[in-house]
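Undergrad: There's a structure below that I have some questions on.
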Amino acid sequence: MRTAMGVWRWRRNPLRRPTDLFEAWVAFAALLCVVLVAPAVGWVAGLRVDGTLQQAVHEQRQERHLVPAVVVRPAPDADPDADPSEDPAAQRTAPRRTQIVATWTGPDGSSHEGTVPAAEEPPHPGDRFRIWTDARGRLVGRPLDPSAASFHAGTVGLAAAAGVAVLAVTVRRLVVRRLMHRRYIRLDRAWAAAGPDWGRAGAGG
């Protein structure tokens, strides 16, 4: 039915109103935005974000280093970030990452000791593992993975494409609603103009 109505708006016939042709052009423009513009915007946005994130990945891998560390002892059980007003039972049941005290040597040769998160099974004193640090041996987060960066870039691209498509459809609906409102106004005026002639002989065909 919608296809038939669209073809009817494009065809030349005495019943076609100027607003019908304008509505058809609006629908055609919205279709182009959804089919062509939205994917292009998503592609460009994804490429730009991917380039930025991949550059960040490269910089992080240049600035962050994986160095060996040695377990010294388990960290104290007291959590300095715990809220003293919190229910002790809730503190006991809440999941908490295991913390250990470890020593390591930074890439610049400096020695460090601090509290770091351990695996689910706490290592024993003397065990060795590896941590990420900067050039001065300070703890840093794991660098962003290239595949994760590409995934985030793809998500941004899809979101951009969907946003453009939704915007195009929304604009089309607003325009059509406005056109329908104008048609009803004109129809009311026509009925009001024809009203006084109702019932008169020879008032019109």
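Undergrad: How much accessible area does Arg64 have with a 1.4 Å probe, in Å² rounded to the nearest 10?
TA: 60 Å²
Undergrad: To continue, here is another question. Using amide H atoms built in the peptide plane, which far-off residues or other-chain residues are under 5 Å from Ser110 H to H?
TA: For Ser110, whose amide H was placed from the backbone, there are no distant partners under 5 Å.
The values are calculated or read from the model by the stated rules, or taken from the named source; none is laboratory data. Values in this document were obtained by computation on a predicted structure and should not be read as measured data. Protein only, heavy atoms only, side chains kept; ligands, DNA and RNA dropped before computing areas. Shrake-Rupley method; radii C 1.70, N 1.55, O 1.52, S 1.80 Å.
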